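Okay, so here's the structure we're looking at.
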Amino acid sequence: MIDELELAFDDPGDKGRHRRGRRRAGDRKKGKGGGGGKSIIALLMSVILLGALGAGVWYGFDRVQGYFTTPDYTSGGTGEVTIQVKKGDTATDIGNTLVQADVVKSAKAFVNAAKENSRSANIQPGTYKVRLQMRATDALVMLLDPKNRQVNGHTIPEGLSAKATFKELEKDTGIPAAEFEKAAKDPLALGIPDWWFTRTDGKTVTQPSIEGFLFPDTYEFDANATADSIIRAMVQRFLTVTGDMKFAEAVQPLGISPYEALIVASLAQAEAGIPEDLAKVARVAYNRLYKDFPCNCLEMDVTVNYWRELNGQPRKASKDMTLSELNDPKNPYNRKLKGLIPTPIDNPGKQALEGAIKPTGGNIFYFVAIDKAGKSAFAETSAQHEANKVIARKNGVL
């Protein structure tokens, strides 16, 4: 076949050349390497390469096309699944969470939806109920709807002791109070700096206590939260709040340590019936301890009740306590104890902490609740105090 092709292109007038061309053709047939076979192979390879190239181009186009389109589900979703948005999550973080739960098809689809919706910045941390395999825009709408947010808020009120706080947490979370007690055993390991347990009054903190450091607030804990993670969250909130207040710096003019001010804040929280009296009760505590007061002791019945609670005994109203209970020398929280008690007696809120670093009221040494709303009357002398007690009795408080 090759010879015929060659003949067709030969010059008929050049017979010598024609003969030489035929001989060369014959030589090629007989030669090593088979020139005709090479041509056939080359032709076949061209066809194969063209086919492969076409397939490659199509495959590459398909891949590239994927980069220019954003995978997204086309339905409103089915079923139900719970996902969690963490504090500080970006749109990409949330998108990745949704992809892992098979809520949206791609994080990019969710990010694009968030960019197009100015309200996307309003997504709050928390646990949400959403559907599986849904359009990214629909998923965004569900996260913006408060009805889909599962609020697991746990409110810890001001003034609870650590023991009472653990019982409250047990009711809210189902985690036994004993686990919280165990988790709170070592305050330093929970992140409380050791300088918090320094005193300037000559008394030594031999065993750091968690009391006072469990900041009262409303918390949202994960469904899989542990006693340790919950206690750490409360301690961290305390450190954040007191840090923002510059609590440690603010006590320096008072000549006491932050820990001593924390103890006074806990006393004010326990004794003041209304927020307006917190700073005044703190002033009474400082005056009794550091000014010309007969025993330089607190003489506050709440310290006795704290000791009773620590020992598993019920609290008592002041009028129901005996003198031996009030003045028990074996009680380290004895109201006649000279100076400050060993630890805080509860976990004070922000207003009580502020009252301890900014006490008001001047030269007051006494106070008594004078109405059932909790308002107290303050006095500089015992005579004024007795007159206030008459008012309290008249109002049915004493």
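Using a Förster distance of 56 angstrom, determine the FRET efficiency expected from the C-beta separation of D145 and N296, and round it to 0.05.
Numbers: r = 60 Å, r/R0 = 1.07.
According to the calculation, E is roughly 0.40.
Based on the alpha-carbon gyration tensor of the range 238-287 and its eigenvalue square roots a ≥ b ≥ c, which shape applies: rounded if a/c is under 1.5, prolate if not and a/b is larger than b/c, or oblate? Kindly include the intermediate steps, with their values, before the conclusion.
Numbers: a/c = 2.14, a/b = 1.38, b/c = 1.55.
Oblate, because a/c is 1.5 or more while a/b does not exceed b/c.
Please list R119, R288 from largest to smallest accessible area, probe radius 1.4 Å, with all protein chains kept in place.
Details: R119 120, R288 15 Å².
Most to least solvent-accessible, the answer reads R119, R288.
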Accessible-area value, K338, 1.4 Å probe, nucleic acids and ligands omitted, Å²
130 Å²
Order the following by accessible area, largest value first: R232, R199, R149. Probe radius 1.4 Å; ligands, DNA and RNA are ignored.
R232, R149, R199
Roughly what would the spin-label model give for E386 and Q207, points 7 Å off Cα along C-beta, in nm?
4.3 nm
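Order R135, R283, most accessible first, counting only protein heavy atoms with a 1.4 angstrom probe. Kindly include the intermediate steps, with their values, before the conclusion.
Numbers: R135 85, R283 60 Å².
Putting R135, R283 in descending order of accessible area: R135, R283.
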Relative contact order of the range 249-398, pairs being alpha-carbon contacts under 8 Å that are 6 or more residues apart, as %
30 percent
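With the contact rule set at Cα under 8 Å and sequence spacing of 6 or more, what percent relative contact order holds for the range 90-235? List each step's numbers first, then the result.
Working: 169 pairs, mean separation 29.7, N = 146.
Computed value for the range 90-235: 20 percent relative contact order.
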At a 1.4 Å probe, what is the % contribution of carbon and sulfur to the accessible area of the range 138-193?
51 percent
Restricting to lysine pairs 8 or more places apart or on different chains, what number in the range 191-332 have Cα atoms under 30 Å apart?
16
Given a Förster distance of 22 Å, report the FRET efficiency between E170 and Q84 from their Cβ-Cβ distance, rounded to the nearest 0.05.
0.40
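Please say if the range 249-398 is rounded, prolate or oblate, where rounded means a/c under 1.5 for a ≥ b ≥ c the square roots of the C-alpha gyration tensor eigenvalues, and otherwise the choice is prolate for a/b larger than b/c and oblate otherwise? Before the final figure, lay out the partial values.
Details: a/c = 1.42, a/b = 1.08, b/c = 1.31.
In terms of gyration-tensor shape, rounded.
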Using alpha carbons only, how many angstrom separate the centre of the range 100-165 from the centre of the range 294-322?
46 Å
Convert 20 °C to kelvin, take the viscosity as 1.002 mPa s, use the Kirkwood radius over C-alpha pairs of the range 85-217 as Rh, and evaluate the Stokes-Einstein diffusion coefficient in µm²/s, rounded to a whole number.
118 µm²/s
By its C-alpha gyration tensor, with a ≥ b ≥ c as the square roots of the eigenvalues, how is the range 336-376 shaped: rounded for a/c under 1.5, else prolate for a/b larger than b/c, else oblate?
rounded
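The values are calculated or read from the model by the stated rules, or taken from the named source; none is laboratory data. Computed from a predicted model, the values in this text were never measured in an experiment. Positions of Cβ are backbone-derived with ideal geometry, glycine not excepted, and every protein chain shown enters the neighbour counts. Please note that ligands, DNA and RNA were not included when accessible areas were found on the heavy atoms of the full protein model with its side chains. Shrake-Rupley method; radii C 1.70, N 1.55, O 1.52, S 1.80 Å.
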